[in-house]
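Everything on this sheet refers to the single structure shown next.
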């Protein structure tokens, strides 16, 4: 399956970093040298660079969790978005491992990871040691739980589409009419109570012409004259029908 829309992780990065530098959320952290105001990029470098500051990392996580927890529900959500963005590099290794192990959809895994981080954030305490790792483990655990559940599912055919294709009745093939014959075709309107069909009445052209002449003669008062002028063709004798007065059954 091909996806044209950006994945969840990329959409979060785009929403956070495409704003001008002045409108991006910053963290005000306390260090030994005093208070510092860090941009999102500076926070991520401090958390994941090879020679990271072990004293600065806990302060970044504490302040990021505190800001996200105190953000109002009706607010823009930029503080929560910043916190989720800071956890993404910590979950990439497990994301790619799951994609290599099983045939899973990456957008689904990334969405589950974000859900796990937000779930852990709802009960996280900013002053808890290692709170950043707690959030990352929540996202990783959610991905593994989802993968374990999905890989046991067996793909099946779309039953609704299969039934519709199977029950589709092809239109009847019109038979070619012989020369000298007429056909009447009526299509009743659809009714929810039943399954109306198409009715066809086929009649010889000679008889249709005779009916037309008979009606014309009746309307002009020349029925007897036309009846005597018509030549009735005889057919094969197939039987004799005797008529008599009807009797009441005993």
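Once the Cβ-Cβ distance of residue 166 and residue 106 is raised to the sixth power relative to R0 = 41 Å, the FRET efficiency obtained is 0.75.
Treating r as the C-beta distance of residue 45 and residue 92 and R0 as 22 Å, the FRET efficiency rounds to 0.90. Sorting the segments 24-30, 11-17 by their residues' average number of neighbouring beta-carbon atoms within 10 angstrom, most packed first, yields 24-30, 11-17.
Working note: Debye formula, equal point scatterers on the alpha-carbon atoms of the range 8-150, no solvent; log10 I(q)/I(0) at q = 0.12, 0.16 Å⁻¹ is -0.48, -0.85. The length gained by stretching the chain between residue 37 and residue 125 to full extension, at 0.36 nm per residue less their Cα-Cα distance, is 29.5 nm. The simple Förster model, with R0 at 22 Å and r as the Cβ-Cβ distance, assigns residue 26 and residue 54 a FRET efficiency of 0.50.
Throughout, read-outs are computed from the coordinates displayed, never taken from laboratory work. Just so we're clear, the structure is a prediction, and the values are computed from it rather than from any experiment. Because the Cβ atoms are built from the backbone with ideal geometry, glycine has one as well, and the counts that use them run over all protein chains shown.
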